[in-house]
Structures are given as structure tokens and as C-alpha cells.
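The values are calculated or read from the model by the stated rules, or taken from the named source; none is laboratory data. All of these numbers come straight from a predicted model, not from anything done at the bench. No Cβ is skipped: glycine too gets one built from the backbone with ideal geometry, and neighbour counts run over all protein chains shown.
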């Protein structure tokens, strides 16, 4: 088959994504499925950025994935570089008047009786019958690790918590919250800390309190104890300072470690709780890693696992697609409502959202608007049906695909997934996000060959060969799935090997006062 230098993802698209660095005057071959056609570049277009495959007038929709990803802010000639200098987002813009109902359109409303049949593609491989080596907990949940969680209840206890996290079999969780905050945020932090403690990857928990914080550490301790999980607590002020608290903490960890000794057992895939994330994104994700993860999501859901996708901002511009994949009208409305609330927060401050989304790194990686970023990010869900929308860090009892209403930044998003009870995360990255999580393995997937070469120590799986056609989606999805099973069974991920998992936080919405 003819080699190509760019991909037009949908036949209706007026853009194509380059898979090479393009130079002005280059005649490039564009692949659209099995079809090939040529365009001549009239200016340099970097790798993973877009070129126009036809002329686009000012104000006209700019399209990718067969969807609107923004509008032209200047004339764009065929073969021109399509990016932030000539395209603007239509969403989250407080710097201009916006009109129109952002709610569900009639055609976006699913038929509850037929939603699954209408929206779910058959998985390209089967995960039925596959198992992982995990730890079955008394509450029926299953962990992929068996650790003592050392959880800081307030930012002021982080030094002690971090030091104790170096003990064998322990994992420290620190954050920047816990005091001098409004009551709703304090209650949310308490809820999140309790839910983190109940994550099945933790056999036991040590709470580290300063002693004077707004968060009610004794209440969290009592809730954990009442739930039946081995738990201890140290209070730095009562212990008499850092060194005495460290001695007490080490003794507590030793007792907890003895209490939770267990051998892993073989467990079915249906016991897995898998979180999805993408970060340090570029456009290679939307044509490789996110799509491959989506194919794996379909197989996991079909096998009975729970799969959680968050990052509400990255539904913006694609929420109509997610709504069509909802199990019923209430879930569809909840998806759209979550996006509206997030968008309204961005619009309320009266600025162009592009100051924060896409990020500077996203833009350098070829992502032009939040709509383009969202359309690619949502591919991680595949065609699975959304069963529920839950608040940040609140566990869901639903099997299948669940949306968590959350921000997209790694420290808060990964914490929310862990609080929901996720036991492993699959994380797509284009430019190379190294972050993991203290007690939840994070499998890093990239489709960017340059990132695979430069950031290899932080990456787990490469799927860029689907871009060149050297590997099928099915083969790549199976490869990712096997890596996920291995990590769930105890094989260390790149983030665990490098120890790159210490900068976490809890999502809050109010001020520090």
C-alpha cells in the first residue's frame, strides 16, 4: 500500500494530521482509510499538527473526527498549517457572547430500551475467562497491591507522612489540603480520605494528623475502623514532634504489615476496577493510544469489569457523543450537566479558556482547541455504554463504564480515581507524562515514537505502529491488555520502578481562608 505522510480521520474532515515533519513545498500523501490523495504544503507543518485538505473560509467550521473542533478565525488555504493562529475554540469562552442551548438535542437522546444494542460495538478481542493475581478483601473488592497506606490528613503532616512512606510495604499519600478551608471543601476532603483508605489496594491504613487541622481526623479513623479495615493513627502534636511521631509511625506500620500478610490469588477480570487518563497530550493520542485503549475498554466492560473515565473538561465539545452512549436519559442528562457546570466555571471569569485548556504543552503537541482535545480523549471510552455519572472520588457499584465528574490535572484526577476504588489506571500520553500514583499502578501508553525514544524509562507500552499500519488495532489492544493484566498481577509499572508518584492532591473548589 502507498506510504502516507498524513491521516484524514473522517471523510468529512477538512484537516489531516501529519505523521512526519512537513516542509513548505512538500507533496504529501494523505490516507483516508484505504483511500489516498495528495496535497501540497504551502508552509511548514510540524509532526502531529494539522494541514488543511481544502480551503476554509473565516467563520467556517474546522473539522476532525467528523466533528466540529473549532472555527476558522482567518482564511485558511489548502495545504496551510491549521492551528491556534487561524482557528479558535467555540467553547468555554467568557471573552465573547455565547448563545444557544448547551443541553441535549433530540437526536442526542438515547433510547433506553436499545441503548446498548445501538451504541456498543462488539469487542475486537475477548477478555472473558482471563484472570489476574490479586488480593480479595473482606468487603468483596479485589486489590492489585497489598500495601499499608500512610495517609496525611493535612498538608502540615506531609513531612512525617512522606518519611514513613519509605518503610517496606508502605505507600505515602500526601496532598496540599486539610485546613483553613470552607466547610464544603473540608467535608469533601474527609470523604475523599476515607474513600482512599477503603481502596482495595490498601490492606491497612495509618493516618498521620498534625492535631489542629480543620479536617476531623478522629472521625475518619473511626469510620475506617467501623468498616473493618486495620487502621492506626498518629498525631504529631500529641507524639511530641517529628522524630517521636516517626518512631510511633514505624511501629504502627510494622503492626499493620503483620496484620495484612496475604498471598495473592487468581481472580476474574470482572473484579478489576480500571481508571482511564490521558495527559501531556498531543494529536498522536487521538489516532493511536486513545483509540487502542477504547478497544480494550470495550473488552473489559464486556467481561464485567468496571472502567472509570473522568476529566470533565475533556468531554467539552464531545459531550453529545458521550450522551448517545448513555444507558438512559438520566445518565445522558448527567453527562451534559457535568460538562455545562465545568464550562460555566471557565466562562464565568470572562477569559478565553485557551489560557488553560488546551495547555501550552498540548498546543505544542498539535492540539488546537478544547473540542479537538475532547474528541480525541473520549476515544478511550470506545463504544461502551455510560452506566452512571458520580461526583469526584465517590465509588460506584455499577459494572461497566462510569464517568467521574472531575478536573483533568493529574494530581487531583488520579486521587479521585483511587478514591473511587480503582485498582489500576491506563494512562495515554503523547509528549510523555511520567506521573504515577503511590498505591495504584499506572500503565503508560504512548503512540508517539519520539516520546517512546526520549521518555522510555517512564513508558510501559508503545502503540505508534498502528499509525504506520505495521500493527492492527486488535494486536495493539491485546498488547495493552496483556500489560495491564501483568501490572494488575504485581509486575511493577514504569512509574513504580522510577518512584515517580509523589505529587498528588485532592480536588477542592473553594478558597483557602
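General remarks:
- Test: residue in the range 76-83 that is at pLDDT 95 or above, outside the structural domain of residue 322 (by TED's automatic domain parsing) and under 25 Å from the mean Cα position of the chain (by Cα): yes
- When the range 449-498 is filtered for residues that are assigned to a loop (DSSP other than H, G, I, E, B), buried (at least 16 other Cβ atoms within 10 Å of the Cβ) and at pLDDT below 95, the ones remaining, listed by number, are 467, 471.
- Qualifying residue in the range 374-393 (condition: under 16 Å from the mean Cα position of the chain (by Cα), in a loop (DSSP other than H, G, I, E, B) and surrounded by fewer than 23 Cβ atoms within 10 Å (Cβ to Cβ)): yes
- Scan of the range 39-56 for residues that are without any contact (Cβ under 8 Å) to a residue 60 or more places away in the chain and either surrounded by 14 or more Cβ atoms within 10 Å (Cβ to Cβ) or in a loop (DSSP other than H, G, I, E, B) (or both), ordered by number: 39, 41, 42, 43, 44, 45, 51, 52, 53, 54, 55, 56
- Wholly within the range 177-286, strands (runs of 3 or more DSSP E) carrying at least 2 residues that are in contact with a helix residue (DSSP H, G or I) (Cβ under 7 Å, 6 or more places away or on another chain): 202-209, 231-235, 273-279
- Residue in the range 251-267 that is in contact with a strand residue (DSSP E or B) (Cβ under 8 Å, 6 or more places away or on another chain), within 30 Å of residue 386 (Cβ to Cβ) and surrounded by 13 or more Cβ atoms within 10 Å (Cβ to Cβ) present: yes
- Verdict on residue 297 being crowded, with 19+ Cβ neighbours inside 10 Å and more than 22 Å from residue 398 (Cα to Cα): no
- Looking across the range 194-222, the residues that are surrounded by 19 or more Cβ atoms within 10 Å (Cβ to Cβ), over 15 Å from residue 156 (Cα atoms) and without any contact (Cβ under 8 Å) to a residue 60 or more places away in the chain come down to 194, 197, 204, 205, 206, 221.
- Among (1) at pLDDT 95 or above; (2) at negative phi; (3) part of a loop (DSSP other than H, G, I, E, B) - the single one residue 25 does not satisfy: (2)
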